[in-house]
Amino acid sequence: MLRILVGIALGVAVAVLVVRGRAWLSRWLRRPPPASRPAPPAPPAALPPAGDPFELAAALEPFLREATHPAQLLDLPPFRAAVSALAGARTPAQLVELGAGEQPVVGCLALEALTVATPSRDVADALLARLNVVRYWPRFFIVRALAHHAGEAAVVGDALTRVDDTWTDENGIATLRGFVRRRLEAGESPRLVPHLDGLPTAQLDRVATLARAVADLAPDLAAQLRRWREARVDRDFLASFGRVWSVDAAGEPPLPDERLALADETARLLARTPPRSALLVGEPGVGKTTLIALLARRLQRDGWVVFTASAGGVNAGMNYVGQLEERVQQIVRQAQDRRLLWVVPDFHELLWAGQHSRNPVGLLDLLLPHIAGGVLKVVGETHPAAYDLLTRQRPRTAEALEVIRVPPLADDATLELGRRWARQRAAPGAPPPLTEATLLEAWQLARHYLAQRAAPGNLLQLLEAACDLAGSPAGGGHRTVGLDDLLLALSRMTGLPLGILDDRRGLDVRDLRAFFEQRVLGQREAVEGLVERVAMLKAGLTDPSRPPGVFLFVGPTGTGKTHIAKTLAEFLFGSADRMVRLDMSEFQTWESLDRLLAEDETGGGLSLVSAVRRQPFSVVLLDEFEKAGRHVWSLFLQVFDDGRLRDRRGNLADFRHCIIIMTSNLGAAVPTGASIGFTPATAAFTPAAVERALAQTFPPELLNRIDRVVVFRPLDRVVMREILRKELADVLRRRGLRTRAWAVEWDESAIEFLLEKGFTADLGARPLKRAVERYVLAPLALAIVGHEAPAGDQFLFVRREGDRIEAVFVDPDAPEPGLAAAARVTREDERPPLEALILDARGAPSEVDFLAEEYRRVADVVRAPAWQRRKQEALARTTAAEFWESPERFAVLGLAEYLDRIEVALETAGSLVQRLRGMRGRQDRPRVPRDLVARLAQQVYLLDAACAALAGGRPRDAFLAVIAGEDAGAQDAASDDFAMRIGRMYRRWAAARRMRLEVLEESGGDGATPYRLVVAVSGFAAYAILEPENGLHVLEWPQDGRSFQRARARVVVAPQPDRPAAGRSEQRAQAADALAVERAGVPGIVRRYREAPSPLVRDGVRGWRTGRLDRVLDGHFDVIVGREE
């Protein structure tokens, strides 16, 4: 069936061809008879004068439209006449430029005019350079001109290697064939080989195409190309995974005689039959690379091709089985019987390149047979430790290559080499760019700070960098290298500041200490330890054979151990990024050592040795060191002792310029509540307990290699307050707040709230950031993104409101409401008392001036030497050895914190004073916002009261109890109700004054037992303000027009003890004890309250009376002055 279908298809196809063939034959037979060959076009009737080639071209334009080949121009007498005229009017250089111009007819005239000029090699070179520039018709004439001017020179090979793809069409090849024929007739023997080196593969293929096109004329061209390709090194192939060296015309680098002898020895090895490869073994910096560079220059002058390829470069892109083997075979074919030298940096890396879990054969195993047989000529470089490891794992390496040891230069030889280097860098006729004294100083600096490199590499590296600085425009041009250039170059190389490197500069220890104390708060011992170590580094007294510092920071979490390490990196190296941080809890198993000693094969990051090799001047932080395995501890013994660590491939990491900091939480547990049992003191944090825990955990040989163990203390509220201030200052620098015209003021109540939510002794400062984000930034962010925050200039007051932080916006440009609501009317220039401004501020300029004077009065007290001395004495007592076990520590810490709180609040008030005084000067605003004036008045009032209470030695915080009266003459129900109103009065007072009020007890008032309220109040001058409230408060109302009924409430105020309570129950017990003592006396009447027949309140203690009962019950009893109606 299939055969039948195929036969039918073939029959149909034949029928179609027959029909179409007949139709074509019929049309061909009916065509007109062929005309004779078209005659050349008629010449123009007349030509312009021959001086202007462009007019000649325009006259010949009709003729060119009829011509079919540029050769027809040669048969035109006017064209020949124009060529002769142009040849006499223009120079050959001008004719070359005209020939390469935009006008093809002008080009034809100019290039043909060159054929009648005297032959010149310069003209031939110019024509060769323009072969691909001229247009198509002028190409016929350019090869005629080139053939004429070449004379006896061989130009065919040069021309064929220069032309581009546009010459490979039919017309271009015909033109080139005519050119080759003329040159052969002139007696040239075409040569391609001198012009083939360096051509890319695509151009070589084009030359091969052209050689085949003229093979009948010059058959030797194709043979030349074939022989050259057989002997040629494929530079493109080598460049695909390495770097092919270009021929360097520079002179030989300055080397001592012993190094020149090593270069001669290596050259003799390569010249043997069979050649023998060499392996240079020496420490980094001894000059292995310079030796190879010298050898390469000598070999290149003898026709050798030199290329560099690392193990990683050869192995790059080898994703499939067999690809690496194929690449090795290609390299071997390139090197076979050719002068090809392979330079292998880090030769030992060949051992591991190409290996994987299923194939232990690496690149070195594939190369060694060819190296040993002399097929591959290799010069490698490695360092001694890597070579020892290499020969242990592949003993054949020592047999396949000749090992040449390159030792470091001696001091005298190194200095002599530096002098030779200086003479070589000098300009002709100029003195060397550095003096002998500068050279000696450079050698001392290189030996101390660049010890990771051997001589002479460390010295030459420093000199090169310094000379580049001196020769740069920023360095003032080419001038003599001085000590400043050396230090600046060394600073850029190491990252160390010039203040550390330059012995001529002093180091201000106070500024250094302040730098650390401003960033790391509350850890004076740690700061002193780092200050001393930096001073030793500056003085050059550290041991150069080991790390400059090995520290163990022990303490509770969140106390600044990591932060101080970042601060040290920032000071020494300019950036906290120069710190290498390792979480040692990840290094507990033997397998985890690979992430310490070798690069992560998964690409997850650098190992410790790789990071230190990349940046040997660093701070190394070993976080939670106690959680690492014991085998890891043993590994670090050599690091702490001699500052060296090698990876699994023998590569060295030099830690002698790294400051190593370990952190640990051993023995640093902080009790978080009341202890249970009979020995509560043992649960407290003590340095002795930390030292015992260290001795029980770490082996003695490890502890003996640590320079200093620093115990970090738990943070107290004084330090946490400073940390919070710093954190809030950082918050204001964030973009979301920095770009808004908001003046942010932090109320003391907000500070206390954030400390309450974010401070625990056992967790340190970390919860503080979370508290700021949760209670401040998150609500503020919601307001911003929800467009609830007002636009424009705003005062933003952040204060506590119950169990949250409230941000209150005040628009300084908002219209002021009328002043009719003010309780008292005063003249514009009258200055009311400070307390009255809290309630009745009007926003007058005189009020702002008055508050500014009151602020300065309080500020003078806080900034007085006596105040600062009192604070420093309190802080100094915290550094005593037995302080943290002393019962007096609560009073000292409480005082230091209180003093600090006052200083912080004073800064806030000062900022508000400046803002109000700035607003006062505006012409469009005679007044300032009244609520801002009232807020400032309250801040100054509380600060003044707090300072006065401190000066008088009065307690700070208070317990307050309100108890309904049950004595004779008082009604129980009315007394309960009145006591509740008094209790609400104190709660409103605490809220208005931003005091912290905590209810400890609230009971009774149900008719069975009297109402009782017990609260703890803390804040500025809390006890001093509440102490006058201690006594009876009496409510009176008329009974029959002649007498009054009375309800009484007893108020008891007692100071809180310095020792903070461990819990709510202990605080209630403290309150009960303190209130019992105060209640023992006979109370007097503090205030009488009357609602009818008209409101009246009389304060017998403070000496005022007022008809504003509402204000008193709203909690403003402490700021009513004199008589108010």
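Every number here is computed from the coordinates shown, using simple stated rules; none is lab data. The shown structure was predicted, so the numbers you read here are calculated from the model rather than taken from an experiment. Glycine gets a Cβ as well: all are built from the backbone with ideal geometry, and neighbour counts include every protein chain shown.
One table, with the values for the structure above:
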quantity	calculated
Where the Cα pairs of the stretch 192-280 fall when distances are cut into 10 Å bins, in %	13, 27, 28, 20, 10, 2
Gyration tensor over alpha-carbon atoms, the stretch 239-405, equivalent ellipsoid semi-axes in Å	25, 18, 15
Per-peptide average of other Cβ atoms within 10 Å, ordering 1103-1114, 653-664 highest first	653-664, 1103-1114
Relative contact order, percent, the chain [alpha-carbon distance under 8 Å, six or more residues apart]	5 percent
21 Å Cα cut-off, lysine pairs counted over the chain (separation 8 or more, or different chains)	11
Backbone N under 20 Å from the L1109 label point (7 Å along Cα→Cβ), restricted to the stretch 972-992	972-989
Those GluC sites (Glu not before Pro) in the stretch 91-160 that DSSP places in a loop and that have at most 16 other beta carbons within 10 Å	E102, E152
Segment E701-T166, extension gain: residue separation times 0.36 nm, minus the distance between their alpha carbons	184.7 nm
Which label in [x] 49; [y] 52; [z] 62 gives the computed percent of Cα pairs over 46 Å apart	[z]
Cα-based helix-to-principal-axis angle, 1064-1079 vs the chain, degrees rounded to 10	30 degrees
C-alpha center-to-center spacing [the stretch 261-329, the stretch 421-437] in angstrom	33 Å
Label-zone membership for the stretch 499-516, site A437, 7 angstrom Cα→C-beta point, backbone N under 14 Å	504
Ranked packing of 576-586, 484-494, 139-149, 637-647, most packed first, by mean Cβ within 10 Å	139-149, 484-494, 637-647, 576-586
Volume per residue that the Cα convex hull of the stretch 53-231 spans, once the total is divided by residue count, Å³	113 Å³
Computed E for A129/F54 - FRET, C-beta separation, R0 35 angstrom, nearest 0.05	0.90
DSSP beta bridges in the chain [antiparallel fraction, %, rounded to 5]	50 percent
Overall form of the stretch 411-494 per C-alpha gyration tensor (a/c, 1.5; a/b vs b/c)	oblate
Distance (nanometres) between label positions extended 7 Å along Cα→Cβ at E66 and A864	12.1 nm
Length added when fully stretched, S1065-E326, from 0.36 nm per residue minus Cα-Cα	257.8 nm
Using alpha-carbon coordinates, inclination of helix 220-231 to the longest axis of the chain, degrees	40 degrees
Cα-Cα separations in the stretch 829-953 greater than 19 Å, expressed as whole percent	53 percent
With Cα atoms, 0 to 90° folded angle of helix 288-301 axis to the chain main axis	20 degrees
Along each principal axis, Cα extent of the stretch 718-811, largest first, Å	42, 27, 21
Label point 7 Å beyond Cα of R272 along Cβ direction - residues of the stretch 392-406 with amide nitrogen under 11 Å	399-403
Helix-only [θ]222 nm of the chain, DSSP H runs n ≥ 4, -39500 (n - 2.57) each, per residue, nearest 500	-15000 deg cm²/dmol
Modelled FRET efficiency - R0 41 Å, Q914 with F890, Cβ distances, 0.05 increments	0.65
Peptides ranked, highest mean first, by Cβ atoms within 10 Å: ranges 769-777, 500-508, 728-736	769-777, 500-508, 728-736
Spin-label model distance (nm) - A410 vs D122, 7 Å beyond Cα toward Cβ	5.9 nm
FRET E, pair R392, A427, Förster distance 45 Å, beta-carbon r, rounded to 0.05	0.30
Spacing of the two label points (7 Å from each Cα toward its C-beta) at A202 and R692, in nm	8.1 nm
Global form of the stretch 527-669, assessed from the alpha-carbon gyration tensor, a/c cut-off 1.5	oblate
